[in-house]
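Just below is one structure, and these are the notes that go with it.
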Amino acid sequence: MKYWLFTAENKASAYEMTRETSKADEGWDSSTSTITHLEAEPGDAVLLWRKGRGGGVVALGEIASTTRAEREHPWALARLQARSKDGSTLPHAKVHVSLEKLSFAAPLSAQALRAAGLGHVAKQARSTTEGRNLVPLDLTDGQWGELAQLVQKVQPPKDMPTAWNIQPGVVVKRAELHDVYGGNPRLAVGASGRTPNAFLFLEHGSTGDLASRWQGAVLVAPGQAQWTDSVSYDNLAALAHRRRGVPLRVFVAHDSECLYIGEFVIDPASPIDSWVDTGKRDIQSSFSRRRPDLVDTRAPLFRLRQLDGVTMPTDRVTPFRNALRISLRLQPGGDQPAAATIRELLSVLEREPSTAASLGELDEAQMLATLVQRARRQADLDDLRAAVENRSSSERDLQRILERMTWIFGGEFLPGTARRNLTLRDQLDLALLRPDGTLHGVELKKADVKLLVTGQRNHLIVGPEVNKAVGQSMNYLRELDESRPKILVDLGIDCRRASMTVVIGHTGFVTTDASRRQIDETMRTYNSYLSRVNVTTYDHLIENAQRSLDLTPSGP
């Protein structure tokens, strides 16, 4: 028996998958397959490897069949010929892989393989450059058996992006779900985006052809309505989840909440039961300025098999009434003993408001809340300081940290959807809502700015990067002023008194011959002539935040 390593597809290969299914009515090949000139035979063992952060061995199986590849798309054969070292045309075969032991939600990591003496498997997997690539593995029968045991015993990961903190039967806010795991909250099916997951949302109470139903061990459930002839990218997120080696998470949606049912897989033998007409919809082409056209849309009915979870509720049951509800955080942690205890306590307090009210009257509870908040803020501040002092940190790296510590600017952070949609042409890095209802935007720039200040005759003036950032902020404010009526109607925010903070540079990175006192004096002079924009440096921002934390009382 020969052993093979098969790399799962990534998002970039979605276009190739669409080309393979030019007409949805002709059926869609959901099998895990590839074209190769290697001598693979039916019965050979196959290991499916998911690349990227949180990846590893996600399934074991075997080669089910091989067929001649003459009828495959010319572009696929040309790509293989280009990959061959001598450019020769070799006889190719299309290899179909049958996956049996699935571990999409609990991948066997490279670290676990190294600990078991199988580090060469991870090394070989990481050396492959493309998805859907078959690579021979140097394994003995005994090593394969050990690998199979490791896959069965591996526990679900506790760290993001592969951690999953929602138990089957639990209800969560859909907005919170997408804040943590990503994805489009308006779609019935789609990729997670931030994590290796695919989502499918079934509307509770649907009737007719769009109602979910069981056919023996198969759940027939509707996907996303589409108007194109080929399978849409949204529906491919579910149909191709086996190819990508990611779990398919199924929810029942009702209003703003969704109930997690469990992990499912697309039936590989027959992925789509049929297509259902979903009426006419307005479709506006991104390439045309004409009025939207009314087009016929339809949705696929997926055939799903459940791997774990709770029983799918029927229309006669109201599953949301007595279900446990939890709140998700932007950075869900692992199931550590202390964290598990705290979550259990929070669940009790949410179910019993009287208990929470009693605890709130205790001075000890107030002291505990203060200490926890101060410790979290100090940890965030330390992370920000380390990122700022790292010259290679990008603006996006700094933004990720500051998004979770908006207290440093003294405002309440707006939800992500509001932040993106304040104006049509511009997007604020951070949008804060102060207690008095005024909007405050934050523009973040890199910390490594060498010409933060520069010489001008006998004085110092701010450098060109500072002037550029302030000009950008002024344009933001002008856009906010001009869009005030729309923002007020759509979001309920009055931005006519909006202001901006520009965070740029660090005095430790300045190459100009100037002291810290001179740089601060130059910044104060510059700010004194600005009305709605304030400029500060990262080290000044961090020092002010540290002083604020140091003055925070440690108890009542």
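The stretch 388-402 and the stretch 116-164 have their alpha-carbon centroids 33 Å apart.
Suppose R0 equals 25 Å; then what is the FRET efficiency for GLN167 and ALA375 from their Cβ-Cβ distance, rounded to the nearest 0.05?
After rounding to 0.05, the efficiency reads 0.35.
The residues of the stretch 111-157 have, on average, 58 Å² of accessible surface per residue, using a 1.4 Å probe with all protein chains present. Bridgeable lysines around LYS51 (alpha carbons under 28 Å apart, same-chain partners fewer than 8 residues away excluded): LYS2, LYS11, LYS85, LYS94, LYS101, LYS123, LYS153, LYS158. Hydrodynamic estimate: the Kirkwood radius of the stretch 485-556 over Cα pairs, inserted into Stokes-Einstein at 20 °C and 1.002 mPa s, corresponds to D of 141 µm²/s. In this structure the stretch 499-556 gives 52 Å² per residue of accessible area when probed at 1.4 Å with all protein chains present.
The trypsin sites (Lys or Arg not before Pro) of the stretch 149-228 that DSSP puts in a loop, and whose beta carbon has at most 13 other beta carbons within 10 Å, are ARG186. Of the chymotrypsin sites (Phe, Trp or Tyr not before Pro) found in the stretch 455-550, the ones in coil according to DSSP and having at most 11 other Cβ atoms within 10 Å of their Cβ are TYR529. Both radii come from the Cα set of the stretch 86-242: Rg as radius of gyration, Rh as Kirkwood radius; their ratio Rg/Rh reads 1.02. Measuring nothing but protein heavy atoms, the accessible surface of the stretch 108-156 at 1.4 Å probe radius is 48 percent carbon and sulfur.
The values are calculated or read from the model by the stated rules, or taken from the named source; none is laboratory data. A quick note: this is a predicted structure, and the numbers were derived from the prediction, not measured. As a convention, Cβ positions derive from the backbone with ideal geometry for all residues, glycine included, and neighbour counts pool all protein chains shown. All accessible areas refer to the heavy atoms of the entire protein, side chains included, with ligands and DNA or RNA removed. Shrake-Rupley method; radii C 1.70, N 1.55, O 1.52, S 1.80 Å.
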